[in-house]
1. Which one of these does S101 not meet: (1) of a type in the set (S, T, Y); (2) without any contact (Cβ under 8 Å) to a residue 40 or more places away in the chain; (3) assigned to a strand (DSSP E or B)?
2. Of all residues in segment 160-186, count the ones that are within 16 Å of the ligand (Cβ to nearest atom) and under 19 Å from the mean Cα position of the chain (by Cα).
3. Report whether or not D63 is in a strand (DSSP E or B), without any contact (Cβ under 8 Å) to a residue 12 or more places away in the chain and surrounded by fewer than 16 Cβ atoms within 10 Å (Cβ to Cβ).
4. Taking segment 91-125 as the region of interest, how many residues are within 7 Å of the ligand (Cβ to nearest atom) and either among the acidic types (D, E) or farther than 21 Å from L48 by Cα (or both)?
5. Cβ-Cβ distance below 6 Å, separation of 6 or more or different chains: which pairs start in segment 1-27 with a residue that is under 30 Å from D92 (Cα atoms) and end on one that is hydroxyl-bearing (S, T, Y) and surrounded by 11 or more Cβ atoms within 10 Å (Cβ to Cβ)?
6. Would you call P45 surrounded by 14 or more Cβ atoms within 10 Å (Cβ to Cβ) and closer than 28 Å to E216 by Cβ?
7. Considering only segment 45-52, I want to know if a residue exists there that is in contact (Cβ under 8 Å) with a residue 40 or more places away in the chain and within 13 Å of the ligand (Cβ to nearest atom).
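The values are calculated or read from the model by the stated rules, or taken from the named source; none is laboratory data. Quantities reported herein were computed from a predicted structural model and do not represent experimental measurements. So basically every Cβ, Gly included, is an ideal-geometry build from the backbone, and we count neighbours across all protein chains shown.
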Amino acid sequence: MPFDMELESKLRPPELPMVPYPPKLVTLANGRHMVVREITRDEVPRVLEAVRPITTYERDYYDIVASRVYAELLAWYRWRIVNEFCLIAQIDGMLVGLVNSRMLNAKTGMSLHTLTTDRGLRIGSHMFAAKMEHHIEYLNQEEVLIVAESPIGFRRWMIEYGLEPTDIPHELGGAPSYRLSKELYYATKDRLVVGDRPVPPDILAQALDEIIVVDEKTVAEKICGVKGR
Ligand SMILES: CC(C)(COP(=O)(O)OP(=O)(O)OC[C@H]1O[C@@H](n2cnc3c(N)ncnc32)[C@H](O)[C@@H]1OP(=O)(O)O)[C@@H](O)C(=O)NCCC(=O)NCCS
């Protein structure tokens, strides 16, 4: 059957314009350089290859977080979610973490997920900070609504940022949202948001050239900190 673009145009939700996130270079505690950059819709299938195997690990709530990320990125790729963006973290081209999020409207951001497969370097923390940076500084939003699905997430976001509890249901399951206001972002920025711009051209070119996906066995070892599950 031919693709019905007329019907498809009705199914695709209208989107607000979004400025791009400028890539940055984060120097990790071990001295390695990590590129944080926004992906395009066309890069989603490659990222899905990395997320798919993680959906089976119960440890530290990787299963629910990865399953939801998978569905949300696929929805973006297939034009079934409004105003989503995804930032990825790469070391020598290798994908080590990601965040995704979306604009609920011009003023409010709806934070979706943060995921890292390389543990112990605060990569997730740096990626969450980059997501907040994009919402507040580049998309020019007033606030971001956030929930945690794991105890590590709760420590990293609610406690480290001192997020404000609200009774606004979050779209991830309806739990009450916590709020990062623009004021709280700037009050915590010096402590939590790091990275340098511009990214040196050779390092950026390597990141853009290929998203290298780690094999499943290595990911299992990194996530679980042990060999196998
Ligand atoms: C939440 C998350 C993004 C935080 O990433 P991060 O800031 O890089 O932090 P890490 O995961 O490396 O470390 C978190 C804790 O686990 C410990 N840890 C480190 N390496 C570990 C390993 N190999 N296995 C298990 N735990 C490890 C760390 O010591 C750290 O403890 P701390 O909180 O006292 O510092 C990441 O843990 C993750 O992807 N978790 C699964 C998905 C998830 O929960 N997402 C957030 C939903 S709200």
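1. If we test S101 against (1) of a type in the set (S, T, Y); (2) without any contact (Cβ under 8 Å) to a residue 40 or more places away in the chain; (3) assigned to a strand (DSSP E or B), just (2) comes out false.
2. Going through segment 160-186 one residue at a time, the tally reaches 11.
3. Judged against the criteria, D63 is not a match.
4. Number of matching residues: 4.
5. Correct list of pairs: V19/Y138; Y21/Y138.
6. When the stated conditions are applied, P45 does not pass them.
7. yes
The rows are residues; the columns are (1) over 23 Å from R37 (Cβ atoms); (2) surrounded by 12 or more Cβ atoms within 10 Å (Cβ to Cβ); (3) of a type in the set (A, V, I, L, M).
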| position | (1), (2), (3) |
| --- | --- |
| P176 | yes, yes, no |
| L184 | yes, yes, yes |
| G195 | no, yes, no |
| Q206 | no, yes, no |
| V213 | no, yes, yes |
